[in-house]
Amino acid sequence: MRITVYGAANDVTGSCHLVETESGLSPAGTKTGCRFLIDCGMFQGSEKLERLNYIPKGIKPNSLDAVVLTHGHLDHCGRLPLLAAQGYKGPIYCTEPTARIAQLVMTDSAKIQEEDTERENRKRAEEHLPPLEPLYGVDAVEKACKLFKPMPYGHELNIAEGITIKLVEAGHILGSACVEIVSSSNGTRREFVFSGDIGQWNVPILQDPAEIKDNVQLVFMESTYGERNHRDLSNTLEEFRALLRQAVAQKGKVLIPTFAVGRAQTILFYLAEAFRNKVIDPIPIYLDSPMAIAATEIYNKFVSFMDDESTQLQSSGELQQDLQTLKLCTTVEESKALNQVDGPCVIMAGSGMCNAGRILHHFQHNLSSPENIVMIVGYQPKGSLGRSMVDGAKMVKIMRETVPVRATVRGLGGFSAHAGQQDLLKWLEHMAPSKPRVVLVHGESHAMDELAYLIKDKFGIVAEKPHLGDVLTV
Ligand code: ZN
């Protein structure tokens, strides 16, 4: 078997691995061996990375037998429309929530690309330069979505002669999966695991990552937070509740920049809990993000994928009861109308990284008032607006306007959808006794180095850190 790394190598985006098993004819004359992809994600971040957003020649879309998608984040599904546009017509296996979330995420990405290209082309036209094409449009997304073949967790599916796949819970976002692959040939059985993104244990809504215990020979595992642990969730929640009380006392607005898939639903869960437990009396919550509204609808549709507590809260109607003050803002007018709303209230808007979207307008209007509170609940890259605010900037530039920061700004670090260092080791622990070959992906080099050190120390396994384009032979 050969595995080629086509993304997320010494980096956290562009997840894509090509698996090729030996081809030939079995004694019975049937074709053996197959070629399939695990994820086909988009590179995000720097321009240099984004230039990698194409389908490498080695993938040969027409000769692929299958694609397995671990979850619906863009860095795992974002190149699927390119694959479909270049002739791939086979199945894309994933869970049902993943199919729906991926459709939402890819459609949003296509629209942004079309808008960005249109804007760029207006400039280019002035300079008499030929127009550019977007990476892909909504039509390519539709093509890809037709190929989704949802399958439940735990179901063993034969995708080619001697190759079965099984999806198990990854606990990262709704429907997220780790992929177990079993290859059997000439009486030898080998098992491989691709982690996808691994979540944290004991978080609301999601089930815990599954324990994979089988006799595994090879593990590809993510290492996003390989270098550190997250802040303790109970401390984070204590601060969350204290800030809500402060907002009520000051009649302030709580602004929460929110990732649409996963984080928005988690924060709604904690707000409902705060109202239910009488931390504060219910105050208006404005979910000012069409994308987060759509993602929440998907979450509500797939209650059976949630943990027991959330299933119970959803099925009994208790959660909706707790969230009676939730208002959904779909249109731009509804969003603008929030400028006239008095506190206390909560406004959740995108983008989660504060680099675009409606949250910037709310910042412009509300940062200069000391009664308001900004809760940063997601990762903010170095040099970003969100990071500079958490670091205590007194003045910030938002859409060419300088705005004084008089509001309280707090970074609440415990809400990550990714496993921290200890949880990554915990995930690997069950497989470690059989001393599998461990390959670290989906992490920056320093995070992988730290995790590799601990894996060696704890399990005596020397983890590999492949580069983009590397081929691993098993
Ligand atoms: Zn993810």
Restricting segment 1-105 to chymotrypsin sites (Phe, Trp or Tyr not before Pro) in coil, as DSSP defines it, with at most 14 other Cβ within 10 Å: TYR54
GLN250/VAL332 FRET efficiency (R0 45 Å; Cβ-Cβ; nearest 0.05): 0.95
Coil-residue trypsin sites (Lys or Arg not before Pro) of segment 78-148, DSSP, other Cβ within 10 Å capped at 13: LYS89, LYS146
Counting all C-alpha pairs of segment 328-474, share separated by more than 25 Å (%): 48
Nitroxide proxy distance, nm - points 7 Å out along Cα→Cβ at ARG189 and ASP449: 4.1
Kirkwood Rh, angstrom, the chain [1 / mean 1/r, Cα pairs]: 23.5
Karplus-derived HN-Hα couplings along segment 359-365 (A = 6.51, B = -1.76, C = 1.60, θ = phi - 60°), whole Hz, x at Gly and Pro: 4, 5, 5, 5, 4, 3, 7
For segment 205-321, diffusion coefficient by Stokes-Einstein and Kirkwood Rh (Cα), 37 °C, 0.692 mPa s, µm²/s: 196
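Of all trypsin sites (Lys or Arg not before Pro) in segment 240-343, which ones are in loop regions per DSSP and have a Cβ with at most 13 other Cβ atoms within 10 Å?
Working: sites: ARG241, ARG245, LYS251, LYS253, ARG263, ARG276, LYS278, LYS301, LYS327, LYS336; in loops: LYS251, LYS278.
In loop regions of segment 240-343 (DSSP not H, G, I, E or B), the sparsely surrounded trypsin sites (Lys or Arg not before Pro) are LYS251, LYS278.
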Extension reserve of the SER384-GLU114 stretch, reckoned as 0.36 nm per residue once the Cα distance is removed: 94.8 nm
5 Å-binned pair-distance histogram of segment 233-415 (Cα, whole percent): 1, 8, 17, 22, 22, 16, 8, 4, 1, 0
Accessible solvent surface per residue of segment 233-415, calculated while the other protein chains remain in place, 1.4 angstrom probe, Å²: 44
Total lysine pairs under 18 Å (Cα atoms) in segment 233-415, excluding pairs fewer than 8 apart on one chain: 6
The chain: relative contact order in percent, alpha carbon pairs under 8 Å with at least 6 residues between: 18
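Using only DSSP helix segments of four residues or longer, with each worth -39500 (n - 2.57), what per-residue ellipticity at 222 nm results for the chain after dividing by its residue count and rounding to 500? Can you show the working numbers first?
Working: 15 runs with 155 residues, N = 474.
So the helix-based figure for the chain works out to -9500 deg cm²/dmol.
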Nonlocal Lys pairs with alpha-carbon distance under 24 Å, segment 82-180 (8 or more apart, or different chains): 10
Potential lengthening between ALA393 and TRP201 on full extension [0.36 nm per residue; Cα-Cα distance subtracted]: 65.8 nm
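Rounded to the nearest 0.05, what FRET efficiency do ARG437 and GLN86 have when you use their Cβ-Cβ distance and R0 = 35 Å? It would help to have the intermediate numbers written out before the result.
Details: r = 32 Å, r/R0 = 0.90.
About 0.65, to the nearest 0.05.
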Sulfur and carbon atoms: percent of accessible area, the chain [1.4 Å]: 50
FRET efficiency, 1/(1 + (r/R0)^6) with R0 45 Å, evaluated for LEU157 and ASP308 via beta carbons: 0.95
Whole-Hz ³J(HN,Hα) from phi, Karplus 6.51 cos²θ - 1.76 cosθ + 1.60, for segment 189-198, glycine and proline x: 10, 10, 10, 10, 10, 10, 6, x, 9, 9
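The values are calculated or read from the model by the stated rules, or taken from the named source; none is laboratory data. This is a predicted model, so every value here is computed, not measured. Counting neighbours? That spans all protein chains shown, and the Cβs are built from the backbone with ideal geometry, glycine included. These area figures cover heavy atoms from the full protein model, side chains too; ligands, DNA and RNA do not enter into them. Shrake-Rupley method; radii C 1.70, N 1.55, O 1.52, S 1.80 Å.
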